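> Pasting a structure here, questions to come.
The values are calculated or read from the model by the stated rules, or taken from the named source; none is laboratory data. Nothing here was measured: the structure is a model prediction, and the numbers come from that model. Reconstructed Cβ throughout: ideal geometry from the backbone, glycine too, with neighbour counts over all protein chains shown. Ligands, DNA and RNA are excluded from the accessible area calculation, which covers all protein heavy atoms including side chains. Shrake-Rupley method; radii C 1.70, N 1.55, O 1.52, S 1.80 Å.
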Amino acid sequence: PAWSPDGTRIAFVTDRFTTRLETLDIGPYRLGLIRLDTGGIEQVPVSASGADINPQWAPDGRSLYFVSDRNGIANLYRAQLGSPDVAQLTSLGTGITGITRSSPAMTVASMRTGC
């Protein structure tokens, strides 16, 4: 999970939007957001196929970076929140991965100037 820069939301990975409990059909991971003021959970609509993992907030809180294997190989994407825009940022033939397939593979940090 990753806290939003303003501390009002948490981005996380879940199969709650794709798993069918009545048939025990486990679905791929999707990104979700928890709104801390209401406890509401919403799906971040970024993929229709593959798994989405490792959400990281942009420093301005208006987009999420994440790893997805929607094209068969895990690469880095950016989703503009509140918009259907999703941009593929890398196109690596070997893909991006952590120690295991679902381990964190990247992190985002804000840059401070004038310290």
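> Averaged per residue, what accessible area in Å² does the chain show with a 1.4 Å probe, protein chains only?
About 62 Å² of surface per residue is accessible.
> Turning to a different aspect of this structure: Which percent of the accessible heavy-atom area of the chain goes to carbon and sulfur, probe 1.4 angstrom?
53
> Between R35 and A87, what's the calculated FRET efficiency when r is the beta-carbon distance and R0 is 30 Å? Round to 0.05.
Here the calculated transfer efficiency is 0.75.
> Taking N as the number of residues in the chain, what value does Rg over Cα atoms divided by 2.2 N^0.38 Å take?
Against the compact-globule rule of thumb, the ratio is 1.09.
> Is there a quick way to get the dipole size of the chain? I mean about its Cα centre, with the Cβ of Lys and Arg at +1 and of Asp and Glu at -1; what is the value in debye to the nearest 20?
180
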